[in-house]
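Participant: Have a look at this one.
The values are calculated or read from the model by the stated rules, or taken from the named source; none is laboratory data. Just so we're clear, the structure is a prediction, and the values are computed from it rather than from any experiment. Every residue, glycine as well, gets a Cβ built from its backbone with ideal geometry; the counts of neighbours run over all protein chains shown.
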Amino acid sequence: MKQIKFLIVLVVAVFVSSCEDTFLTPDLKTGISAEAYFTTEAEVEAAVINMYDGIQGFNALKDTGSGLNHGVQVEFYVTEMRSDNTRTKSQEGDAAQFEFYTIESTNGIVADYYRSYYNVIYRANLVLENLEAAGASSAQFEAEAKFVRGYAYFNLVRLFGDIPLIDKVIAPLDLETSFTRVAQSNIYDLIVSDLESAVANLDDTFKDRASKAGAEGLLAKVYLTLGRYGEAQSLLESIMNPSRGFGLESDFKDVFYNEGNKETIFSIGFLPGSNDDSQNFSAEWLNAVGRTSGVNYVTLDAKAALDALGGDRTALSYREDSGQAGQYQVVKYLPNGDDSLGIPVTSEDPTSAGNDWIVLRYADVLLMHVEAIMAGSSETSSQEAKDSFNAVRARANMPTIDASTPITKQDLLDERRVELAFENHRFFDLVRMGEAQNVLSSFSNAYGLGFTGTDLLLPIPQVEIGLSNGLLSQNPGY
């Protein structure tokens, strides 16, 4: 579903941010202001669409030095490459810092992600401040803005810990609000409030914009993170109601190459061949395509897990690099196709790919359902949990769990790893389920990496500390 790409944002001036100033209060580049612009429903909807455009980010390979944010397109660096799933091929540059757990506060990718998602929050706050002009659509637009703001804050708080909380458009010189870190509990209070409001006021019209199911699924993951398992289970079972129309695709390949399918709940839409609306990460994952020498390559540890537990998913999750034996590429989201796997070409120019990025899908919901029922314990014998777990396993032609055998936490971690491999879930799963320290320490020791407990949080970007005039503090270990 790409309909959001065809709405034109007419007032670019309102949304352009200056990297030299704070991303929270973008400088205006013309005489037009938000106060003068937002007078009709269509104009507010343009701002709504611009929120998703902020998540989408700008194609880095088409960026000619403009300094634009890259949004979700750099998310794999700060998530998947900090887990035991992926690494660089060349072990060079800022990217290698994620692989070796040597991330510096000056890392440009970390700063890009931080800046991107705070700019998304600014865009959501701008919508919320101008709802009076939205007329009959004000409730819908408010719910979408709160969904987007909750989504952005959930990513930031999990990656950086205590962070500034900005819940309204602020003045350019309001440094105290911009740069004062608040407790994670306060951030989560806002996330829960925003997503509860989104659940109450959205329907399931969209897959590449906020929806009721998207808000329920995201809020369920927030509740799992907070240990509120019963509330998470109720939300997940709401999505699982057959009347909602969601389900597993019978062919795993269709999840990624038949966009808008019944398994997709929330995705970030991209269009092929467009500098503004395409993505480059698909190309960056392939050696000699784009401008890198290969990033997000599959670790031997992840390969072994997929070989043992992936079933039919394995061939559609990784492949050997045709240019170098023993190096393995991610298959999900290939832009230039693979005839041997029946994967189509999605773009004539792989560096301007149109593959949508899936944030939440039905298999994730089913496995979160198991986690909710397990409720922080080491295992469950619940038949409801087994039904959800076995549905995912059966689609992959893997043996199911019988009535006399419990599902253990390790079973669930393993299944989430192979089902959702390279979709930016692994690091968060390990942290949420209390296994990050053990798993990543073991992985680091086995491969000569430098993981320590302080690597569970990213550094606050040094550039933001510099802008804060001493207000913004750094995370331990950096």
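Participant: State yes or no: is Thr400 in a loop (DSSP other than H, G, I, E, B) and under 19 Å from Ser250 (Cα atoms)?
Facilitator: yes
Participant: Let me confirm something: among Ala198, Ala220, Ala213, which residue is assigned to a helix (DSSP H, G or I), over 28 Å from Tyr478 (Cα atoms), in contact with a strand residue (DSSP E or B) (Cβ under 6 Å, 6 or more places away or on another chain) and not aromatic (Phe, Trp, Tyr)?
Facilitator: Numbers: Ala198 fails: in contact with a strand residue (DSSP E or B) (Cβ under 6 Å, 6 or more places away or on another chain); Ala220 fails: in contact with a strand residue (DSSP E or B) (Cβ under 6 Å, 6 or more places away or on another chain).
On inspection, the qualifying residue turns out to be Ala213.
A quick yes/no check of all residues on (1) under 30 Å from Thr39 (Cα atoms); (2) assigned by TED's automatic domain parsing to the domain that holds Thr40; (3) out of contact with any strand residue (DSSP E or B) (no Cβ under 8 Å at 6 or more places or on another chain); (4) not in a loop (DSSP other than H, G, I, E, B):
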residue	(1), (2), (3), (4)
Tyr77	no, yes, yes, yes
Asp84	no, yes, yes, no
Ser90	no, yes, yes, no
Ala95	no, yes, yes, yes
Phe98	no, yes, yes, yes
Ser105	no, yes, yes, no
Val110	no, yes, yes, yes
Tyr114	no, yes, yes, yes
Leu126	yes, yes, yes, yes
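Participant: Give Arg149, Arg181 a once-over and let me know the one that is within 29 Å of Phe281 (Cα to Cα), assigned by TED's automatic domain parsing to the domain that holds Thr39, among the basic types (Lys, Arg) and at pLDDT 95 or above. Give the derivation first.
Facilitator: Working: Arg181 fails: within 29 Å of Phe281 (Cα to Cα).
Going through Arg149, Arg181 in turn, just one is within 29 Å of Phe281 (Cα to Cα), assigned by TED's automatic domain parsing to the domain that holds Thr39, among the basic types (Lys, Arg) and at pLDDT 95 or above: Arg149.
Participant: Would you check if there is a residue in segment 279-296 being within 29 Å of Glu144 (Cα to Cα) and not polar (S, T, N, Q)? Show your work before the answer.
Facilitator: Here is the first cut: in segment 279-296, the residues within 29 Å of Glu144 (Cα to Cα) are 279-282.
From what is left, the residues that are not polar (S, T, N, Q) are 281.
Looking through segment 279-296, at least one residue is within 29 Å of Glu144 (Cα to Cα) and not polar (S, T, N, Q).
Participant: Quick check: is even one residue across segment 305-314 crowded, with 20+ Cβ neighbours inside 10 Å, in contact with a helix residue (DSSP H, G or I) (Cβ under 7 Å, 6 or more places away or on another chain) and part of a strand (DSSP E or B)?
Facilitator: No: zero hits.
Participant: Which ones in segment 441-474 are assigned to a loop (DSSP other than H, G, I, E, B) and either over 22 Å from the mean Cα position of the chain (by Cα) or modelled with pLDDT under 95 (or both)?
Facilitator: Gly448, Leu449, Gly450, Phe451, Thr452, Ser468, Asn469, Gly470, Leu471, Leu472, Ser473, Gln474
Participant: Hey, another quick one. Tally time: how many residues in segment 361-415 are aliphatic (A, V, I, L, M) and over 19 Å from Gly310 (Cβ atoms)? Don't jump to the end; show me each part of the working.
Facilitator: Going through segment 361-415, the residues aliphatic (A, V, I, L, M) turn out to be 363, 365-368, 370, 372-375, 385, 391-392, 394, 396, 398, 401, 403, 407, 412-413.
Applying the additional criterion that residues be over 19 Å from Gly310 (Cβ atoms) yields 365, 368, 372-375, 385, 403.
Matching residues across segment 361-415 total 8.
Participant: Something else now. Restricting the first residue to segment 240-264 and requiring it to be within 25 Å of Ala315 (Cβ to Cβ), which pairs with a second residue that is of a type in the set (Val, Ile, Thr) and part of a loop (DSSP other than H, G, I, E, B) meet a Cβ separation below 9 Å and a spacing of at least six or different chains?
Facilitator: Phe256/Val331; Tyr257/Thr346
Participant: Collect the residues in segment 103-136 that are surrounded by 15 or more Cβ atoms within 10 Å (Cβ to Cβ), among the aliphatic types (A, V, I, L, M) and in contact (Cβ under 8 Å) with a residue 40 or more places away in the chain, keeping them in residue-number order. Explain how you work it out, then say what you get.
Facilitator: Restricting attention to segment 103-136, the residues satisfying the condition of being surrounded by 15 or more Cβ atoms within 10 Å (Cβ to Cβ) are 103, 105, 107, 109-131, 133-134.
The next check asks that each one be among the aliphatic types (A, V, I, L, M); those that pass are 103, 109-111, 120-121, 124, 126-128, 131, 133-134.
Hits for segment 103-136 are Ile103, Val110, Ala111, Val120, Ile121, Ala124, Leu126, Val127, Leu128, Leu131, Ala133, Ala134.
Participant: In this structure, does Asp174 turn out to be modelled with pLDDT under 95, out of contact with any strand residue (DSSP E or B) (no Cβ under 7 Å at 6 or more places or on another chain) and either under 18 Å from Gly294 (Cβ atoms) or not aliphatic (A, V, I, L, M) (or both)? Let's see the steps before the verdict.
Facilitator: On the way: modelled with pLDDT under 95: yes; out of contact with any strand residue (DSSP E or B) (no Cβ under 7 Å at 6 or more places or on another chain): yes; either under 18 Å from Gly294 (Cβ atoms) or not aliphatic (A, V, I, L, M) (or both): yes.
Yes.
Participant: Across segment 91-102, what is the number of residues that are surrounded by 14 or more Cβ atoms within 10 Å (Cβ to Cβ) and over 13 Å from Val298 (Cα atoms)? Steps first, answer last, please.
Facilitator: Step one: list which residues in segment 91-102 are surrounded by 14 or more Cβ atoms within 10 Å (Cβ to Cβ), which gives 93-101.
Pick out the ones that are also over 13 Å from Val298 (Cα atoms) and you get 93-98, 100-101.
Residues meeting the conditions: 8.
Participant: Residues that are among the β-branched types (Val, Ile, Thr) and assigned to a loop (DSSP other than H, G, I, E, B): does segment 347-363 have at least one? Reasoning before the result, please.
Facilitator: Taking segment 347-363 first, the residues among the β-branched types (Val, Ile, Thr) are 351, 358-359.
Subset that is assigned to a loop (DSSP other than H, G, I, E, B): none.
Within segment 347-363, not a single residue is among the β-branched types (Val, Ile, Thr) and assigned to a loop (DSSP other than H, G, I, E, B).
Participant: In addition: Among what's in segment 137-174 and is out of contact with any Asp or Glu (no Cβ under 7 Å at 6 or more places or on another chain) and of a type in the set (Gly, Ala, Ser), pick the residue that is surrounded by the fewest Cβ atoms within 10 Å (Cβ to Cβ).
Facilitator: If we take residues in segment 137-174 being out of contact with any Asp or Glu (no Cβ under 7 Å at 6 or more places or on another chain) and of a type in the set (Gly, Ala, Ser), then Ala171 is surrounded by the fewest Cβ atoms within 10 Å (Cβ to Cβ).
Participant: Only one of Gly337, Gly323 is in contact with a strand residue (DSSP E or B) (Cβ under 6 Å, 6 or more places away or on another chain), among the small types (Gly, Ala, Ser), modelled with pLDDT under 95 and not assigned by TED's automatic domain parsing to the domain that holds Arg87. Can you tell me which? Lay out the reasoning, then the answer.
Facilitator: Details: Gly323 fails: in contact with a strand residue (DSSP E or B) (Cβ under 6 Å, 6 or more places away or on another chain).
Matching residue, one of Gly337, Gly323: Gly337.
Participant: If you don't mind, another one. What do you reckon, is Leu367 touching a Lys or Arg at 6+ places or on another chain (Cβ under 6 Å), surrounded by 21 or more Cβ atoms within 10 Å (Cβ to Cβ) and not basic (Lys, Arg)? If you could, list the steps in order and put the result at the bottom.
Facilitator: Details: touching a Lys or Arg at 6+ places or on another chain (Cβ under 6 Å): yes; surrounded by 21 or more Cβ atoms within 10 Å (Cβ to Cβ): yes; not basic (Lys, Arg): yes.
Spelling it out, Leu367 is indeed touching a Lys or Arg at 6+ places or on another chain (Cβ under 6 Å), surrounded by 21 or more Cβ atoms within 10 Å (Cβ to Cβ) and not basic (Lys, Arg).
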